[in-house]
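Down below is the structure, laid out as structure tokens.
The values are calculated or read from the model by the stated rules, or taken from the named source; none is laboratory data. Just so it is clear, the structure is predicted and the values come from calculations on it, not from any experiment. Neighbour counts are summed over all protein chains in view; Cβ atoms, including those assigned to glycine, are modelled from backbone coordinates with ideal geometry.
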Amino acid sequence: MDARDLAFAGAAAQAKMLADGEVTAPELLEVYLKRIARLDSQLRCYRVVLSDSARHEAAAAQDRLDAGERLPLLGVPIAIKDDVDVAGEVTACGSGGHLPAVTSDAEVVRRLRAAGAVIIGKTNVPELMIFPFTESLTFGATRNPWNPKRTPGGSSGGSAAAVAAGLAPLALGSDGGGSIRIPSSWCGLFGLKPQRDRISLEPHDDAWYGLSVNGPIARSVLDAALFLDATTTVPGPEGEFVTAATRDPGKLRIALSTKVPTPVPVRVGKEELAAVDRAGALLRDLGHEVIVRDPEYPPSAVYGNYLARYLRGICDDADAQAHPERLEARTRNLARMGSFFSDRRMTSIRAAEAALSNRIQAIFDEVDVVVTPGNAAGPSRIGAYQHRGAVSTLLLVAQRVPYQQIWNVTGQPAAAVPWDFDGDGLPLAIQLVGRPYDEATLLSLSAQIERARPWAHRRPPPVS
């Protein structure tokens, strides 16, 4: 197989090729290392590439393959977002104020290694994972492979750009307010925010007061399901998610909703709205019952609950830095805002979550899945917020990405599903939201959409 085709084949296909002896683990790794050497100086997907250790891991994986061992990800390279601990490396979180190198892997990394994955590197993030664009004074700007003048999104922007550019077949992201779904949408990938606590956050448990989760950014639904089966901490049938991604979802009741969850007016783009309408038409053709229905979004859910947890989470993360004085002024200002929320206030805010979630999730008494726009607009240009203050930046980015944060409050699974391209030739997506703990239905339905409208073959022209 041509090296470019191999780079874009995806994790599930590569795992099979490795098991069948069509390619060796060292050969596969070198495809990515060569592409990274050629392309990443422009894109800046990676904060650090672990070439030496990855080569050692790939050789060990090949020995196991040659001995007949079979694991779900044996020999497959995976990129790790730089808010997750990898033994021997600093967890920089986009900042120059970080702590020294950690001595052990995070639990999710341990599980990926146990499934046979080769850790290829750590991907760039905005400072402390705050924004839906991946730019920092310390590590520069990560660029969208579809248009390097635009952001890939954030905060898992490096992970999404790496997968989109064929610099990794699969990547770990995290999502505290859309940070998997936003860059997946703008990079043309399938991104899944799993159910809260589905994948371990250890040693950073309860990050952002329960808002944040770990999850996959992938070229296909099957790749994401493979990742989920390898990392889930919630007991279930073996291979539960891969099985879900390969079966028909049956007839579902699906709600289309373009209502913005935030009380502040947001102008949603015509192309983003049209994607939901067209998705509804496709879903009807596929045999589902489709209605137009909005969840109830209490104003307090975003501004009284989400925003407090987000800001206090930033404050806590800033305080945990070895050198908080090195943080960017905008980050320090947001952290200062978060400091006004006391421990007692945070306890009260967390206690209010159940009632809010019950109101929002009431729509799932009627439907199985809610479909929303992926984002309200396309990705911003690189440097668009460079000279903005904390509040100004938050208000501006909220106009582009209003559909994600509410589902971090409720904690239930939601997925970015690639749909089409906008007038600028950039990917756009729809968002599917499922019932609590029902990733299986989202995977089945997303895979059905993928079969009807394939996307995994798409490659960004500048880097293909």
Select from segment 96-118 the residues that are under 22 Å from the mean Cα position of the chain (by Cα), touching a residue at least 24 places away in the same chain (Cβ under 8 Å) and more than 23 Å from residue 167 (Cβ to Cβ) and list them in ascending order.
107, 114
Inspect segment 206-226 for any residue being free of Cβ contacts under 8 Å to residues at least 40 places away in the same chain and charged (D, E, K, R) and give the result as yes or no.
yes
Out of everything in segment 4-21 that is in contact with a Gly (Cβ under 6 Å, 6 or more places away or on another chain) and in a helix (DSSP H, G or I), what residue ends up being farthest from residue 454 (Cα to Cα)?
18
For residues that are of a type in the set (Gly, Ala, Ser), touching a residue at least 40 places away in the same chain (Cβ under 8 Å), part of a loop (DSSP other than H, G, I, E, B) and under 22 Å from residue 318 (Cα atoms), tally how many sit in segment 337-396.
1
Determine, yes or no, whether residue 242 is surrounded by fewer than 23 Cβ atoms within 10 Å (Cβ to Cβ), under 21 Å from the mean Cα position of the chain (by Cα), among the β-branched types (Val, Ile, Thr) and within 27 Å of residue 451 (Cβ to Cβ).
yes
Inside segment 259-276, can you point out the residues that are in a helix (DSSP H, G or I) and free of Cβ contacts under 8 Å to residues at least 40 places away in the same chain?
270, 274
Residue 87 within 23 Å of the chain's Cα centre (by Cα) and free of Cβ contacts under 8 Å to residues at least 40 places away in the same chain
yes
Please indicate, with yes or no, whether at least one residue in segment 29-48 is acidic (Asp, Glu), surrounded by fewer than 15 Cβ atoms within 10 Å (Cβ to Cβ) and out of contact with any Leu (no Cβ under 6 Å at 6 or more places or on another chain).
no
Among the numbered conditions (1) closer than 28 Å to residue 437 by Cα; (2) part of a helix (DSSP H, G or I); (3) at pLDDT 95 or above, tell me where residue 296 comes up short.
(2)
Answer with yes or no whether residue 451 is among the charged types (D, E, K, R), assigned to a loop (DSSP other than H, G, I, E, B) and either within 26 Å of residue 14 (Cβ to Cβ) or free of Cβ contacts under 8 Å to residues at least 40 places away in the same chain (or both).
no
Residues to consider are 349, 360; find the one that is among the β-branched types (Val, Ile, Thr) and within 23 Å of the chain's Cα centre (by Cα).
360
